[in-house]
Amino acid sequence: MTPPDYAAAVSSAAVFDTAAAGKLLLTGDDAPMFLGNLSTNDTKNLPLGGGCEAYLCDSRAKVQFAVWIYHVLLRDRRHAMWVETTAGRSADLVKYLDRYLISEQVEIADVSEQFAQFHLAGPHAAEVLVKATGGAVPELPEFAHLERTIGLIATCSVRRRDPLGVPGFDVVCPKEHAEAVRAALLAAGAAPGTPETFETLRIEAGTPVFGPDIDANRFVMEVGRAPRAVSYAKGCFLGQEPIVMARDRAGHVNRAFLGLKVLDGGPLPAGAKVFRDGQEVGVVTSSCYSPRLGGPVALAYLRWKHQEPGTKMEAETSTGRQPVEVTGLPPVPGAGL
């Protein structure tokens, strides 16, 4: 049976609590340059109201943090960089950034506990926002953001982002207004969402998460986000040389993050090895049952020359090997934007 919040997210709108996301605020004149020197994307030229996906790497271009960076204006009219990262990693990110802070005019604050956050997702998410705010919400490109009052009480930052493969908005507000904002979104037509459905949708959409799908030993170019998260036109940044070498010399990476359709059996366990003709060619990172496909799908890293959609393979589990088929990304047709 399809969960009601899943049905709402793919046909109407659902709201998910994402308050656990790590949240940092970087202030000071050098904040954009400082982040630009460490991140894979161009933050130095990020306009007010703009944002981007990026990765913070070591010198080998191994991913240390996945981040989303927004150029915001504070209540006192100061410009700042809002940095969101994986849940539970904000303290580690502060330490990482502080290690590279030498003489730059930058102040780093962990504000994770001060703000609530929701993700409003679905084809009618924008209509829900219009009702909840009582006014027009302009069409926004991904990562663009603006402020709106929701529930007649809370001024929220509304940010376009699509991690679930349907139109989505992150809604961030002071923690004390969380219940009022959530109630307003529900009253405007959104269904209450669960963490389980959020996970199903993000796997269907092929969106990687640090922890399950990315770790500190993963080469950033294998993650498959380079077209949106890596800028080749910006100046030097930590990890740039291996990234450029992978692009210009090899022309491809040894492994790629792709989707699998499980042809028989249930979802695959994380860490399951993938075989083709007896040769180990990949590893599974995330898997779930897909209501839209009526069967399980998975995300995996597959070696070069074993990545063609339609290729049949086997995934090893504790009960034997299950047949799988490479689908590319997203693993569920129509789930990506």
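The values are calculated or read from the model by the stated rules, or taken from the named source; none is laboratory data. The model shown is predicted, which means the values in this text are computed figures rather than measured ones. Heads up, the Cβs are rebuilt from the backbone with ideal geometry, glycines too, and the neighbour counts pull from every protein chain shown.
Between a first residue in the stretch 197-214 that is without any contact (Cβ under 8 Å) to a residue 60 or more places away in the chain and a second residue that is of a type in the set (S, T, Y) and surrounded by fewer than 24 Cβ atoms within 10 Å (Cβ to Cβ), which pairs have beta carbons less than 9 Å apart while being 6 or more apart in sequence or on different chains?
Pairs that qualify, where the first residue is without any contact (Cβ under 8 Å) to a residue 60 or more places away in the chain and the partner is of a type in the set (S, T, Y) and surrounded by fewer than 24 Cβ atoms within 10 Å (Cβ to Cβ), are R202/S286.
Which fully enclosed strands (runs of 3 or more DSSP E) of the stretch 212-308 have 3 or more residues being outside the structural domain of P4 (by TED's automatic domain parsing) and not charged (D, E, K, R)? Break it down stepwise before answering.
Details: elements: 255-262, 273-276, 279-290, 295-303.
The strands (runs of 3 or more DSSP E) meeting that bar are 255-262, 279-290, 295-303.
Quick check: is even one residue across the stretch 90-112 surrounded by 15 or more Cβ atoms within 10 Å (Cβ to Cβ), under 16 Å from F210 (Cα atoms) and either of a type in the set (D, E, K, R) or at pLDDT below 95 (or both)?
no
With the checklist (1) touching a Leu at 6+ places or on another chain (Cβ under 6 Å); (2) surrounded by fewer than 17 Cβ atoms within 10 Å (Cβ to Cβ) in hand, flag the one item V284 doesn't pass.
Unmet for V284, out of (1) touching a Leu at 6+ places or on another chain (Cβ under 6 Å); (2) surrounded by fewer than 17 Cβ atoms within 10 Å (Cβ to Cβ): (2).
(1) over 27 Å from the mean Cα position of the chain (by Cα); (2) surrounded by 13 or more Cβ atoms within 10 Å (Cβ to Cβ); (3) modelled with pLDDT of 95 or more: which one isn't true of P296, the others all being true?
Checking P296 against (1) over 27 Å from the mean Cα position of the chain (by Cα); (2) surrounded by 13 or more Cβ atoms within 10 Å (Cβ to Cβ); (3) modelled with pLDDT of 95 or more, the one that fails is (1).
Show me the strands (runs of 3 or more DSSP E) entirely contained within the stretch 35-116 in which 3 or more residues are touching a Cys at 6+ places or on another chain (Cβ under 8 Å).
Fully inside the stretch 35-116 and qualifying: 63-73.
For the stretch 317-333: of the residues being not aliphatic (A, V, I, L, M) and not in a strand (DSSP E or B), which is surrounded by the most Cβ atoms within 10 Å (Cβ to Cβ)?
This residue is P331.
For the stretch 1-18, how many residues are of a type outside the set (S, T, Y) and surrounded by fewer than 18 Cβ atoms within 10 Å (Cβ to Cβ)?
5
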